[in-house]
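Following: one structure in structure tokens, then a few remarks.
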Amino acid sequence: MDINFPLILVVLTLATGLIWLLDLVYLKPRRVARLAAEGGVAQSGGTEDDEKEPYLVDLSRSFFPVLAIVLVLRSFLVEPFTIPSGSMLPTLEVDDFILVNKFAYGLRLPVVGTKIVDIGDPQRGDVMVFKVPLDGKTNYIKRVIGLPGDHIRYRNKTLYVNGEVVLSEFVARLPPVELRRETLGDVPHDIYLTMGRQSGAGEGEWVVPEGHYFMMGDNRDNSNDSRFWGTVPDELVVGKAFAIWMHWKSFTSLPTFDRVGGIE
């Protein structure tokens, strides 16, 4: 079962904030007045009043600022993700922990994803996190290949954008894959092509609709991407992946930091 962490975070932040606010404007004054009538401490903030503060209110007052800060940071600034598959090899490895810039493509409301401030648009060659159109909720990470209006063609493991071949240089044979250096626009990056395997179902031609993006994995023969399920609408964009900050294979092993750095 998928856990909608953003929704849980929003609900918890709202709940703790409302409980704290309700106590400040209604419950606490009633407690103070009752204590005063009973001969207790009449001034807010007194020791006796603090002792009578309900546990739920105390818990909400403690957690609300923390939850609010996490919500703002995660929704509008930077969000961490973990790489679950090898579709972006060799750029990203399975179990890489990455950081995603949430404001590079505009500020969006948490959960619903509606853009409220337009800052920028995805650029060809960006490594982008988005929600896959298949279900609108599962996060995928691929490279932006096509922008709105682009004509994309993929034949015989060769990529064409608007009729021009995207150049790639042979680097090494690392059976079962061949390592190549591709330059997409102004962005050089490494890709894998599986040796001895034809493109097959991944071949075709596409025109990118307005407000959509064509995505492909760097592990070209082992990536479930726009070649199979179509383009990504702007409303499903999450953010731009910009850094690897840790690699942690499992909880039974120690994390490593030898892959720390920017993402091409």
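Of note:
- Scanning the range 51-75 for residues that are surrounded by 17 or more Cβ atoms within 10 Å (Cβ to Cβ), among the hydrophobic types (A, V, I, L, M, F, W, C) and out of contact with any Pro (no Cβ under 8 Å at 6 or more places or on another chain) yields 57, 63, 64, 67.
- 1 or more residues more than 25 Å from residue 101 (Cα to Cα): qualifying strands (runs of 3 or more DSSP E) within the range 135-222: 151-155, 158-161, 168-174, 177-184, 187-194, 204-207
- Looking across the range 143-185, the residues that are aromatic (Phe, Trp, Tyr) and either crowded, with 19+ Cβ neighbours inside 10 Å or closer than 19 Å to residue 219 by Cβ (or both) come down to 154, 170.
- Output for the range 113-125, where each listed residue is under 14 Å from residue 226 (Cβ atoms) and either charged (D, E, K, R) or assigned to a strand (DSSP E or B) (or both): 124
- The range 226-264, subset among the hydroxyl-bearing types (Ser, Thr, Tyr) and modelled with pLDDT under 95, residue nearest to residue 110 (Cα to Cα): 250
- The sole residue among 224, 219 that is of a type in the set (S, T, N, Q), surrounded by fewer than 17 Cβ atoms within 10 Å (Cβ to Cβ) and either touching a Lys or Arg at 6+ places or on another chain (Cβ under 9 Å) or assigned by TED's automatic domain parsing to the domain that holds residue 163 (or both) is 224.
- Condition check for residue 59: out of contact with any Lys or Arg (no Cβ under 7 Å at 6 or more places or on another chain), within 30 Å of residue 112 (Cβ to Cβ) and at pLDDT 90 or above: yes
- Filter pass, residue 134 being under 24 Å from residue 108 (Cα atoms), aliphatic (A, V, I, L, M) and assigned by TED's automatic domain parsing to the domain that holds residue 239: yes
- No other residue among 185, 163, 196, 120 is out of contact with any helix residue (DSSP H, G or I) (no Cβ under 9 Å at 6 or more places or on another chain), under 19 Å from residue 105 (Cα atoms) and without any contact (Cβ under 8 Å) to a residue 24 or more places away in the chain apart from 120.
- Residue in the range 72-85 that is assigned to a helix (DSSP H, G or I), modelled with pLDDT of 90 or more and closer than 30 Å to residue 259 by Cα present: yes
- Qualifying residue in the range 32-44 (condition: of a type outside the set (S, T, N, Q), modelled with pLDDT of 85 or more and out of contact with any Pro (no Cβ under 7 Å at 6 or more places or on another chain)): no
The values are calculated or read from the model by the stated rules, or taken from the named source; none is laboratory data. Note that this is a predicted model, so its numbers are computed, not measured. Because the Cβ atoms are built from the backbone with ideal geometry, glycine has one as well, and the counts that use them run over all protein chains shown.
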